[in-house]
1. Based on what the data block shows, is residue 56 touching a Gly at 6+ places or on another chain (Cβ under 6 Å), open to solvent by less than 40 Å² (accessible area, probe 1.4 Å), of a type outside the set (Asp, Glu) and modelled with pLDDT of 85 or more?
2. Can you pull out the residues in the stretch 16-46 that are part of a helix (DSSP H, G or I), more than 21 Å from residue 281 (Cβ to Cβ) and either open to solvent by 20 Å² or more (accessible area, probe 1.4 Å) or in contact with an Asp or Glu (Cβ under 6 Å, 6 or more places away or on another chain) (or both)?
3. Residue 135 versus (1) closer than 17 Å to residue 208 by Cα; (2) surrounded by fewer than 19 Cβ atoms within 10 Å (Cβ to Cβ); (3) of a type in the set (Gly, Ala, Ser): which is the lone unmet condition?
4. Considering only helices (runs of 4 or more DSSP H) fully contained in the stretch 153-255, which possess at least 2 residues that are surrounded by 18 or more Cβ atoms within 10 Å (Cβ to Cβ)?
Amino acid sequence: MNLLEVTPLAELNELAYRLSDTVTEADQALLTELHDQALADLDNPDSLFVYTLAKAMRRRLTGVQAAEHIYLQRFEIPQIRLFELLIQQFPLANLSQQCTNALLIDALSQLNSPVLMDIGIGTGMQVVNILNGLAQRPNSALRHLTIVGIEPFGEALDTAQATVSKLIDRMPFTVTFSPRLAFIEHLSLSDLQQLLPRQHDGVYTNASFALHHIQQAEQRRFVFANLKALPAKALVLSEPNSDHYEPNYAQRFQNCVAHYGALFNLIDQLPIAANEKAALKLFFGREIDDVLGNSDEVRVEKHYATQQWVDLFEATGFQLQKRSAQFPMLELNGAHLQTDLDNRYATTVNGEEITSLFWAE
């Protein structure tokens with residue numbers, strides 16, 4: 001079923017076309033009505049989706065983020081439980097990370113002293129999983145691993161460093177962690193080169209759901225060109241497949257409905273409690289707030305569709321490759337890891353590519 005055939009979504013779609021022009025008082029009244037009707041029926045999954053979209057569109061009109069309504073408080077869950085759900089139950093992130101981790105572990109274990117440069121390392125949980133995978137890898141050639149963690153948020157980077165430090169003594173190889181507090185687009189080629197050890201036998205760069213935050217297309221090309229010139233043996237990229245970079249508001253609205261509608265439907269199929277499903281949806285609702293509620297100057301969720309990433313790889317001299325690897329899981333909670341595509345891997349739901357995974361050399 002096309003979500004835009006549902007009457008409230010169809011009305012929001014019509015409003016989206018007019019948001020780029022003059023919005024009448026009648027338009028504002030209709031948006032408020034749709035918002036309030038959905039708010040009154042939040043236990044209905046369709047209503048919760050309409051509410052999330054309408055709330056973001058109202059922010060676009062007013063420029064102000066409204067406080068979460070008291071009716072939503074029943075969906076609150078502890079932050080630690082939210083992250084457990086995202087990591088363990090939400091299949092797109094889980095399968096994507098298992099895919100890229102398997103590829104990186106296979107490549108790194110074949111070298112004596114490689115470098116893993118993680119762009120947007122966050123709190124370091126993916127790096128921890130890679131380290132544990134390398135430690136269990138039979139017949140590994142790895143003797144020393146340098147981890148370069150690039151992250152723009154200091155608290156997250158401190159957590160990553162502390163987390164990795166706790167593991168170092170348990171590894172069957174030595175580890176050096178080199179943190180850099182920065183946005184990747186602010187680092188020159190020289191800056192990146194200075195983060196590397198004098199002696200190593202290959203740099204592998206990983207960017208997991210991070211590079212769509214780079215605001216401008218020319219900045220993305222700058223980053224890719226620098227990584228190619230570093231030179232990186234591989235750039236491993238995980239990104240959602242949806243064009244939220246699109247400047248036309250009506251088209252971006254449709255892209256947003258298609259992408260997040262699929263995520264919301266997937267969440268409805270998870271074997272978790274109803275309030276946990278709603279909490280996950282509200283987590284992604286913050287992204288919808290940005291995609292539809294903020295101006296182009298301040299938006300940060302500027303996802304590319306798959307072909308836009310492919311074009312960027314080609315424009316900067318990268319060649320997409322398919323490595324053979326043993327993937328620990330190919331299906332989880334209604335999502336599938338697709339490994340038979342010509343130039344990439346993907347997580348799919350009902351045959352639709354939701355997340356694109358690239359290995360480029």
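1. Details: touching a Gly at 6+ places or on another chain (Cβ under 6 Å): yes; open to solvent by less than 40 Å² (accessible area, probe 1.4 Å): yes; of a type outside the set (Asp, Glu): yes; modelled with pLDDT of 85 or more: yes.
Spelling it out, residue 56 is indeed touching a Gly at 6+ places or on another chain (Cβ under 6 Å), open to solvent by less than 40 Å² (accessible area, probe 1.4 Å), of a type outside the set (Asp, Glu) and modelled with pLDDT of 85 or more.
2. Across the stretch 16-46, the qualifying residues are 17, 18, 19, 25, 26, 28, 29, 30, 32, 33.
3. That leaves (1) as the condition not met.
4. Details: elements: 154-168, 189-194, 217-229.
Those helices (runs of 4 or more DSSP H) span 154-168, 217-229.
The values are calculated or read from the model by the stated rules, or taken from the named source; none is laboratory data. Quantities reported herein were computed from a predicted structural model and do not represent experimental measurements. Neighbour counts are summed over all protein chains in view; Cβ atoms, including those assigned to glycine, are modelled from backbone coordinates with ideal geometry. For accessibility, only protein heavy atoms count, side chains too; no ligands or nucleic acids. Shrake-Rupley method; radii C 1.70, N 1.55, O 1.52, S 1.80 Å.
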